[in-house]
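The values are calculated or read from the model by the stated rules, or taken from the named source; none is laboratory data. Predicted, not measured: the structure shown is a model, and the values here were computed from it. Virtual Cβ from ideal backbone geometry, glycine too; neighbours counted across all protein chains shown. SASA here: full protein model, heavy atoms, side chains in, ligands and nucleic acids out. Shrake-Rupley method; radii C 1.70, N 1.55, O 1.52, S 1.80 Å.
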Amino acid sequence: MKYIYLWRRRLSAPDGAFMEKYIINGGNKLYGNVRIQTAKNSVLPILAATVLTDKKVEILNVPQITDVKNMVKILSCLGCKASYEEDNIIIDSSSADCYEIPSALARELRSSVFLLGAVISRFHSAKIAYPGGCDIGLRPVDLHLNGLKRLGVQITEKNGYIICKCEKLKGNEIMLDCPSVGATENIMLAAVKAEGTTVIKNAAREPEIEDLQNFLNRIGAKITGAGSGTVRIDGVSKLYGCQYQPIPDRIEAGTFLIGAAMCGGEITADGIYPENISSLIHKLAENGCKIHINNDRIVLENHKTLTSVKSVETRPYPGFPTDLQAQYTALCCICGGHSIITENLFETRFKYVPELKKMGADITVIDRNAVVRGVEKLKGASVLAYDLRGGAALVLAALTADGYSEVLDISHIDRGYGSLEYKLKKLGADIKRITV
Ligand code: EPZ
């Protein structure tokens with residue numbers, strides 16, 4: 001089955017690109033500084049938001065990752081003009097003239113669904129295939145659609161498409177059944193130019209929501225409350241352009257910190273907001289890491305076997321992030337003792353576990369729990385990445401394993417990590433990218 005999957009993946013690779021893999025020789029400690037990229041999960045909704053205004057927007061230091069490239073391709077299909085100036089991207093949506101999001105691209109990334117709110121606001125119509133993204137669960141969009149309906153959008157779902165129409169967007173109160181990041185962002189985008197006020201209750205509190213609020217207010221929106229659980233949007237009629245630096249990527253930072261804890265050594269993560277990953281920092285301190293925080297940098301040092309943490313549960317922010325669950329489970333595999341990791345947000349976010357077991361990890365998955373018994377050392381193996389964060393977890397495990405590993409199908413990892421192997425090599429890891 002696996003090889004059929006690989007064969008299909010290779011055939012389905014975009015633009016005929018062949019599959020790539022990492023070859024990693026484990027055992028090196030990590031030392032030095034790593035500059036954290038701009039947050040993928042901030043840049044994506046902000047790119048969607050550029051459709052709202054017909055003035056130029058410049059987004060600074062955009063990470064060179066596949067999800068961003070695909071989002072820009074979608075904007076171009078809508079008639080927006082995109083140009084790069086080094087790592088900055090300039091979007092001019094003044095000539096946007098299409099409200100149908102191309103299905104092939106929509107299926108490549110989850111964040112295509114955020115475009116619904118922005119496109120409806122601009123064209124009072126929108127058509128999109130069901131969004132893709134990491135295969136980590138059912139990933140319904142009912143909260144997105146119910147929220148848009150509350151703003152006056154008529155929605156039909158037919159042949160795998162979501163078709164939206166509305167005469168006029170009107171503000172309303174919306175209570176989310178669960179604090180969905182994407183639904184919060186989609187409703188915010190649709191409400192920016194709606195008539196009257198919209199209040200989103202039980203809104204997601206992630207830092208990326210606050211970042212989207214700050215960006216939207218910078219182009220003339222009137223939004224308050226992001227990060228508090230209740231977001232208020234007072235509709236406006238005019239929007240402007242701006243230059244904007246989104247926040248740093250707390251998940252990339254967490255990935256490197258976990259990697260350093262696992263490999264041993266001492267690294268400094270530069271250009272990060274420590275408060276945005278305090279749940280992870282507390283766990284790594286419990287594992288026995290020495291952590292120093294000042295302003296926008298975190299120094300992590302570890303030179304001994306990690307002590308296990310009895311349990312970790314993923315929760316909506318500010319709880320332990322689901323996007324660090326796989327990486328942290330990999331860390332638990334080499335701690336002295338047992339740990340139970342519970343995934344509360346997504347139904348099938350343990351697909352990487354069988355791959356870790358090929359490296360000698362002792363993990364049993366029961367429903368939404370991974371029961372881990374730490375082993376002294378993992379051993380190098382050939383493993384397959386099934387999704388973005390699971391793939392990152394396999395890389396971290398390979399960095400600590402005895403001998404050589406290969407991590408196959410790293411296109412998943414390229415969706416969210418810009419130049420991962422370059423940054424790891426700079427820290428002392430023995431890793432190289434090979435085209436298969
Ligand atoms: C965002 O996905 C992130 N993606 C995910 O990061 C992240 O894991 C997730 O938020 C949770 O923090 C982006 O921002 C592009 P949700 P999203 O809606 O918006 C349920 C990564 O690795 N739900 O907050 O899709 C859903 O099933 C990616 O960078 C509904 O029931 O996540 C899940 O159980 C992976 N109905 C929970 O809410 C809906 O309409 C949280 O999902 C929407 C969601």
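For segment 228-303, the relative contact order is 31 percent, taking Cα pairs closer than 8 Å that sit 6 or more residues apart in sequence and dividing their mean separation by the residue count.
The GluC sites (Glu not before Pro) of segment 18-88 meeting both criteria, a DSSP state outside H, G, I, E and B (loop) and at most 14 other C-beta atoms within 10 angstrom of the site's C-beta, are Glu86. Pairs from the list Lys170/Lys201; Lys149/Lys193; Lys357/Lys426; Lys357/Lys425 with a Cα-Cα gap above 20 Å: Lys357/Lys426; Lys357/Lys425. Measuring only protein heavy atoms, the 1.4 Å probe finds Tyr84 accessible over about 100 Å². Listed by chain and number, the lysines whose alpha-carbon sits under 24 Å from that of Lys358, ignoring those within fewer than 8 places in the same chain, are Lys2, Lys21, Lys29, Lys310, Lys377, Lys379, Lys432. Computed from phi, the 3J(HN,Hα) profile of segment 119-130 under the Karplus parametrisation 6.51, -1.76, 1.60 (θ = phi - 60°) reads 5, 5, 4, 7, 10, 6, 8, 7, 9, 8, 6, 4 Hz, with x in place of Gly and Pro. Our summary of shape: the Cα atoms of segment 334-398 have principal axis extents of 30, 26, 14 Å, ordered from largest down, in whole angstrom. For His338, the solvent-accessible surface with a 1.4 Å probe is about 100 Å², rounded to the nearest 10.
Only DSSP H runs of four or more residues enter the estimate; each adds -39500 (n - 2.57), and after division by the residues of the chain the mean residue ellipticity at 222 nm equals -9000 deg cm²/dmol. Measure out, as a whole number of angstrom, how far apart the alpha-carbon centroids of segment 365-392 and segment 43-71 sit. Going from one Cα centre to the other spans 33 Å. Calculate the length of the line joining the C-alpha centroid of segment 101-135 to that of segment 327-350, in whole Å. Between the Cα centres of segment 101-135 and segment 327-350 lies a distance of 32 Å. Solvent-accessible area per residue in the chain equals 39 Å², computed with a 1.4 angstrom probe and all protein chains kept. Per the Debye calculation on segment 260-373 with a single equal scatterer at every Cα and no solvent contribution, log₁₀ I(q)/I(0) for q = 0.11, 0.15, 0.17, 0.22 Å⁻¹ amounts to -0.35, -0.65, -0.83, -1.27.
Computed with a 1.4 Å probe on the full set of protein chains, the accessible area for Phe114 sits at about 20 Å². The C-alpha radius of gyration of the chain, expressed as a fraction of 2.2 N^0.38 Å, stands at 0.97.
When the trypsin sites (Lys or Arg not before Pro) in segment 216-304 are filtered for DSSP coil states and for at most 15 other beta-carbon atoms within 10 Å of their beta-carbon, the remaining sites are Lys238, Lys304.
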